[in-house]
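Here's the structure, in structure tokens; my notes come after.
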Amino acid sequence: MDHLEVIRRCRVLSDCTEEPGHITRTFLSPPMREVHRLVGGWMEQAGMRVRVDAVGNIRGVHGEGPRLMIGSHLDTVPQAGAFDGILGVIIGVALVERRPPCAIEVVGFSEEEGVRFGVPFIGSRTLVGDPVMDAEVLDAIRAFVLDPAQIPEAAIGEEVKGYLEFHIEQGPVLEKMKRPLGVVEAIVGQSRFEVSFLGKANHAGTTPMNRRSDALAAAGEWIWTVERLARETPDVVATVGQLEVEPGAPNVIPGLLRASLDVRSASNATRIESAGLLLSVAEAAGGRRGVTVSYEQRLDQPAVPMDPAMVRALSVAVKTAGYKLHRMVSGAGHDAMILARKVPSAILFVRSPGGISHHPDETVLPEDVEAALAVGMRFLENWRPA
Ligand code: HGY
Ligand code: MN
Ligand code: MN
């Protein structure tokens with residue numbers, strides 16, 4: 001499988017979607033079954049032993065004994081691009097086809113984005129023995145005809161000695177630096193919350209402005225402040241990406257609003273402090289309107305350094321393959337930050353033209369995928385299980 005076939009297969013998987021005309025594939029959604037069939041078939045063609053584990057991760061093994069895991073996620077955000085996650089799975093299969101001198105397990109994680117239930121990393125957390133056991137997640141597992149009782153068996157054992165992820169950068173850095181690839185040194189920390197604004201629905205025409213508890217007005221003031229404070233704070237990004245408004249009629253004052261909050265920073269102290277400040281701003285905006293604010297934390301993920309020895313080995317592989325090296329921090333979260341709890345982990349980034357991701361215009365350059373395959377093989381030729 002050459003670099004053009006890797007790209008072709010990523011685009012084939014784009015047709016596995018919940019939303020015709022868009023790429024939307026969430027945790028254990030129906031199109032995920034077709035993804036398992038296609039990816040599983042490509043893994044078998046590459047001579048791998050294939051299984052789907054209890055949370056819907058697809059896993060292919062080639063070789064015996066201590067091995068390196070190569071993977072990324074199968075799921076997408078709504079109206080996504082064709083490469084976020086899946087590129088790393090298909091590159092893993094392509095590298096197995098080239099028969100490196102080490103045993104490999106390729107994994108396609110069933111859920112990394114956290115879109116369906118607001119909790120990210122369901123697939124990779126299962127592998128490190130920290131499964132998400134929320135009732136709604138277990139119901140989805142049963143509905144996909146998988147068995148939650150098998151979840152413990154999905155955890156990795158002593159045989160997995162390292163984890164390598166190939167992933168698009170999803171940002172503008174490599175394009176600006178004119179580099180095809182980037183070696184990730186660390187992944188920023190991430191806090192996610194669900195914030196609820198409980199006001200009082202009422203008639204839009206008859207309720208005087210000074211007698212309203214408008215949940216959306218409170219959230220609107222808060223969201224503007226989230227953006228302003230994040231702009232003013234170095235090394236912090238904050239995003240309100242999801243809003244649910246009830247009852248959601250043009251002639252009814254919004255009584256209830258649920259919002260997501262995503263706060264990231266390379267510094268854990270800055271991230272935690274900023275998140276706390278933004279939540280108190282929400283409470284104040286609600287208080288000025290008789291709107292009660294509550295919140296639930298959905299993720300408290302510290303920043304994670306990548307394994308120094310693997311970073312060095314990847315850097316050597318980039319240089320010996322003839323490419324200019326760029327080492328960088330990842331502003332996006334990745335399954336590597338979960339696998340790093342158990343095994344040495346590293347990420348090789350592939351340039352994102354236009355710096356675009358989580359968008360249909362997300363793409364890759366064929367020569368950059370070719371570079372990633374060449375560097376991946378050089379890394380594998382020298383990797384040995386510690
Ligand atoms: O949200 C992220 O950083 C990743 O794309 N899941
Ligand atoms: Mn993503
Ligand atoms: Mn991703």
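The values are calculated or read from the model by the stated rules, or taken from the named source; none is laboratory data. On a predicted model such as this, the values are computed, not experimentally measured, just so you know. Please note: Cβ atoms are built from the backbone with ideal geometry, for glycine as well, and neighbour counts cover all protein chains shown. Protein only, heavy atoms only, side chains kept; ligands, DNA and RNA dropped before computing areas. Shrake-Rupley method; radii C 1.70, N 1.55, O 1.52, S 1.80 Å.
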### Query
Right, residue 315: within 16 Å of ligand 3 (Cβ to nearest atom) and touching a Leu at 6+ places or on another chain (Cβ under 6 Å) or not?
no
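Take the conditions charged (D, E, K, R) and away from ligand 2 (no atom under 16 Å from the Cβ) and apply them to residue 112. Does it pass?
For residue 112, the condition - charged (D, E, K, R) and away from ligand 2 (no atom under 16 Å from the Cβ) - is not met.
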### Message
Report every pair of residues separated by at least 6 positions or lying on different chains whose Cβ atoms are under 7 Å apart, first residue within segment 84-97 and on the phi > 0 side of the Ramachandran plot, second among the β-branched types (Val, Ile, Thr).
### Response
85/76
### Task
Considering every residue within segment 279-287, establish whether at least one is polar (S, T, N, Q), closer than 30 Å to residue 340 by Cβ and either crowded, with 19+ Cβ neighbours inside 10 Å or free of Cβ contacts under 8 Å to residues at least 40 places away in the same chain (or both).
no
### Scan of segment 110-136 for residues that are part of a helix (DSSP H, G or I) and open to solvent by 10 Å² or more (accessible area, probe 1.4 Å), ordered by number
125, 135, 136
### Task
State whether the residues of segment 85-99 include one that is out of contact with any His (no Cβ under 7 Å at 6 or more places or on another chain), open to solvent by 20 Å² or more (accessible area, probe 1.4 Å) and either within 16 Å of ligand 3 (Cβ to nearest atom) or of a type outside the set (Lys, Arg) (or both).
yes
### Summary
Condition set aliphatic (A, V, I, L, M) and assigned to a loop (DSSP other than H, G, I, E, B), scope segment 230-253, selection surrounded by the fewest Cβ atoms within 10 Å (Cβ to Cβ): answer is 249
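May I ask you to list the residues in segment 34-58 that are among the polar types (S, T, N, Q) and open to solvent by 60 Å² or more (accessible area, probe 1.4 Å)?
45
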#### Entry: Residue list for segment 8-23, restricted to those being surrounded by fewer than 19 Cβ atoms within 10 Å (Cβ to Cβ) and either among the β-branched types (Val, Ile, Thr) or over 28 Å from residue 98 (Cβ atoms) (or both)
12, 18, 19, 20, 21, 22
### Query
Considering only residues of segment 329-373 that are outside any loop (DSSP other than H, G, I, E, B) and within 16 Å of residue 10 (Cα to Cα), which is nearest to ligand 2 (Cβ to nearest atom)?
350
### Message
Looking only at segment 138-177, count every residue that is touching a Lys or Arg at 6+ places or on another chain (Cβ under 9 Å) and in contact (Cβ under 8 Å) with a residue 40 or more places away in the chain and tell me the total.
### Response
16
### Task
State whether one or more residues within segment 183-201 are open to solvent by 50 Å² or more (accessible area, probe 1.4 Å), in a helix (DSSP H, G or I) and either among the aromatic types (Phe, Trp, Tyr) or under 30 Å from residue 3 (Cα atoms) (or both).
no
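One line per residue, one yes/no per condition, for (1) open to solvent by 10 Å² or more (accessible area, probe 1.4 Å); (2) away from ligand 3 (no atom under 16 Å from the Cβ); (3) among the polar types (S, T, N, Q):
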| site | (1), (2), (3) |
| --- | --- |
| 324 | yes, yes, no |
| 335 | no, no, no |
| 340 | yes, no, no |
| 344 | yes, yes, no |
| 349 | no, no, no |
| 356 | yes, no, no |
| 362 | no, no, no |
| 372 | no, no, no |
#### Entry: Number of positions in segment 76-89 that are in contact with a strand residue (DSSP E or B) (Cβ under 9 Å, 6 or more places away or on another chain) and more than 9 Å from ligand 1 (Cβ to nearest atom)
6
### Summary
(1) touching an Asp or Glu at 6+ places or on another chain (Cβ under 8 Å); (2) open to solvent by 30 Å² or more (accessible area, probe 1.4 Å); (3) without any contact (Cβ under 8 Å) to a residue 40 or more places away in the chain all hold for residue 31 apart from (2)
### Task
Would you be able to say whether some residue in segment 62-74 is within 16 Å of ligand 2 (Cβ to nearest atom) and open to solvent by 10 Å² or more (accessible area, probe 1.4 Å)?
no
### Query
For residue 262, are the conditions met, namely being within 18 Å of residue 337 (Cα to Cα) and open to solvent by 50 Å² or more (accessible area, probe 1.4 Å)?
no
